[in-house]
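Trainee: Please see the structure below; I have some questions.
Every number here is computed from the coordinates shown, using simple stated rules; none is lab data. The model shown is predicted, which means the values in this text are computed figures rather than measured ones. Cβ coordinates were reconstructed from backbone atoms using ideal geometry, including for glycine residues, and neighbour counts include every protein chain displayed.
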Amino acid sequence: MIKFYNTLTHRIEEFKPIKPGWVGMYTCGPTVYGPGHLGHARSYINFDLLKRVLISNGLQVTHVLNITDVHDDMIRRANELGVSLEALAAKYIPLFQRDLHSLNILPADHYPRVTENIPEIIQVVKTLVDKGYAYVEKDGSVYFKVRRFKNYGQLSGIKLAEAKAGTRAVTDKYEKKQALDFALWKATKKDEPAWPSPWGQGRPGWHIECSVMSQKFLGQTIDIHAGAMDLKFPHHENEIAQSEAATGVKFVNFWFHGGLLTVDGQKMSKSLGNFIEMRQLVKKGFAPLAMRYLCLTAHYRSKLNFTWPSLQAAQTALRRLQSVVADLKTTNRQVLSPEKLAKADAYQKRFTALINDDLKIPEALALVWEIVKSNLPGYDKHDLLVDFDQVLGLRLTAQTKVQQKVPPAAMKLVAAREKLRQQQKWAAADKLRQQIESLGWQVKDTAAGVKLTPS
């Protein structure tokens, strides 16, 4: 039995798919106007963990991850750079896919793009207009009439009674916590892409795309819709309203929202100078999977505070675990005693119970280290850890021996230490040795020079 927190009902519930054995899962994808950052990484890792847990329970998952390739932010960025929307998307979609691969995110089954689904979007908007849930402005823009949908606020708790008739949201993203009429279709403006519609040239609003593309591939009612916590309002609330108004049936059974990521205790933003892109990790000598390991240490619904020391600790632990698994593979298999056979079976049951209980991944990771330190024979430890990695996704068997690149910070300390040693400043050199070891590297002085090995 799989249980996880359903944001719609505000409680942990047993998950039962609509069709036995098959799960339809939709996750909000990127708006492709810039490189991916650590907040994106955490969200997609959370969604991937849920997907892996479902698969580990024998369920077949059809996963849809959309690509937003027309949006207010994209248009603004394309105009700043003097490039077309198509060129901007062509630049950043491959980077997004590369990030997913580097984090060992299982591929989705479908990656629909907004620009490839304009006719379907227009048809749903037309349905909403015909049913009286949307109205057309003089300029040809179409807005959803929030007060017309009586269940508005069921996900976010926004009070419909406080809505002012005709009050509209000007942009796709708005943070003011009140019910506002939102754009389903935006009339064309100068230097913006546009498509023909019954209301004139224009383009889709942001929220309508997910309703249309999820239902296109998964049906009118879907099992799971996943997204980051900051999308709960207005994006997901608006998805529910327009979807259920159009179809007359429930849109999503389970809403899965992942916690956000902070950097040194603060919200990540360019204005604070703590905006960290995925590619910066690699430049600093970190493996992307170290970021995945770090994410496994926090429950998916809690905030994760990123610091460089915490990432270093995660990388050190990941190196050690990969090396342990590689060494265990070389041990001889033994016939287990009844006692050890029962112990191995108990470990397997504990792991399954943890991941199925609202994705208790940090506790599952702790169990991994308990197994490493246990008295089980090496090969049986190996088998358990490799099996568990089908959920954890750390690529523990990706290579027989882990060869990690020494980060630039450690190499600079090594060079500085060598200079001090040549000057016979032994105490100062020893302090630098301690700093190097704090970065996760053991220092060994040999006749051929300094040798660093992961600690």
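Trainee: Quick check on my link table: of 16/150; 126/250; 329/451; 145/232; 51/303, which ones sit more than 23 Å apart, alpha carbon to alpha carbon?
Mentor: The answer is 16/150; 329/451.
Trainee: On to the next question. Could you give log10 I(q)/I(0) at q = 0.06, 0.08, 0.09, 0.14 Å⁻¹ for the chain, computed by the Debye formula over C-alpha point scatterers of equal weight, without solvent?
Mentor: For the chain, the Cα-only Debye profile gives -0.33, -0.56, -0.69, -1.32.
Trainee: Near residue 429, within a Cβ-to-Cβ distance under 12 Å, what is the net charge of the other residues, with Lys and Arg +1 and Asp and Glu -1?
Mentor: +3
Trainee: Going by C-beta contacts inside 10 Å, put 213, 1, 229, 278 in order with the fewest on the left.
Mentor: 1, 229, 278, 213
Trainee: If you don't mind, there's one more thing I want to ask. Convex hull over the alpha-carbon atoms of the range 408-454: what's its volume per residue in Å³?
Mentor: Convex hull volume per residue, Cα atoms: 65 Å³.
Trainee: Over all directions, what mean area does the Cα convex hull of the range 82-160 project, stated in square nanometres?
Mentor: 9.1
Trainee: Restricting to bridges with both residues inside the chain, how much of the DSSP beta-bridge set is antiparallel, in percent to the nearest 5?
Mentor: Rounded to the nearest five, the antiparallel share is 50 percent.
Trainee: With viscosity set to 0.692 mPa s at 37 °C, what whole-number translational diffusion coefficient in µm²/s follows for the range 202-248 from Stokes-Einstein and a Kirkwood radius over Cα pairs?
Mentor: In µm²/s, the coefficient is 295.
Trainee: How would you rank 146, 372, 249, 83, going from fewest to most other Cβ atoms within 10 Å of each one's own Cβ?
Mentor: Ranked by crowding around the Cβ, least crowded first: 249, 83, 372, 146.
Trainee: With unit charges on the beta carbon (Lys/Arg positive, Asp/Glu negative), name the residue among 84, 54, 158 whose Cα is farthest towards the positive pole of the charge dipole of the range 3-258.
Mentor: Value computed over the given set: 158.
Trainee: Given labels modelled 7 Å from the Cα in the Cβ direction, how far is it in nm from residue 151 to residue 416?
Mentor: 6.1
Trainee: Let me ask something else. Alpha carbon centre of the range 70-130 versus the range 237-303: separation in Å?
Mentor: 18
Trainee: Next question, about the same structure. Placing +1 on the Cβ of each Lys and Arg and -1 on the Cβ of each Asp and Glu in the chain, which of 75, 18, 308 has its Cα farthest towards the positive end of the resulting dipole?
Mentor: Projecting each Cα onto the dipole axis, the largest value belongs to 308.
Trainee: Counting pairwise Cα distances across the range 3-258, what percent come out greater than 26 angstrom?
Mentor: Counting every Cα pair in the range 3-258, those more than 26 Å apart make up 39 percent.
Trainee: To the nearest 20 debye, what is the magnitude of the charge dipole of the range 263-392 about its Cα centre, counting +1 on the Cβ of each Lys and Arg and -1 on the Cβ of each Asp and Glu?
Mentor: 480
Trainee: Please report, in debye to the nearest 20, how large the charge dipole of the range 408-454 is about its Cα centre when each Lys and Arg carries +1 at its beta carbon and each Asp and Glu carries -1 there.
Mentor: 100
Trainee: Give the Rg/Rh ratio for the range 263-392, taking Rg as the radius of gyration of the Cα atoms and Rh as the Kirkwood radius, to two decimals.
Mentor: That ratio equals 1.06.
Trainee: What percentage of all Cα-Cα pairs in the range 1-87 are separated by more than 18 Å?
Mentor: 58
Trainee: Out of the chymotrypsin sites (Phe, Trp or Tyr not before Pro) in the range 232-321, which ones are loop residues according to DSSP with at most 16 other C-beta atoms within 10 Å?
Mentor: Those satisfying the criteria are 275.
Trainee: Could you give the size of the charge dipole of the chain about its Cα centre, using +1 on the Cβ of each K and R and -1 on the Cβ of each D and E, expressed in debye and rounded to the nearest 20?
Mentor: 1160
Trainee: Label points 7 Å out from Cα along the Cβ direction at residue 110 and residue 230: separation in nm?
Mentor: With each label point 7 Å from Cα toward Cβ, the separation is 2.8 nm.
Trainee: Let me ask another. Report the full-extension gain for the segment residue 424 to residue 279: residue separation times 0.36 nm, less the Cα-Cα distance, to one decimal in nm.
Mentor: 48.3 nm
Trainee: Using a 10 Å cut-off around each Cβ, can you sort 203, 147 from fewest to most neighbouring Cβ atoms?
Mentor: The order, fewest Cβ neighbours first, is 147, 203.
Trainee: Another question about this same structure. Indicate the gyration tensor shape class of the range 193-275 (rounded, prolate or oblate), computed on the Cα atoms with a ≥ b ≥ c the square roots of the eigenvalues: a/c under 1.5 is rounded; otherwise a/b larger than b/c is prolate and the rest oblate.
Mentor: Judged from the Cα gyration tensor, the range 193-275 comes out oblate (a/c at least 1.5, b/c at or above a/b).
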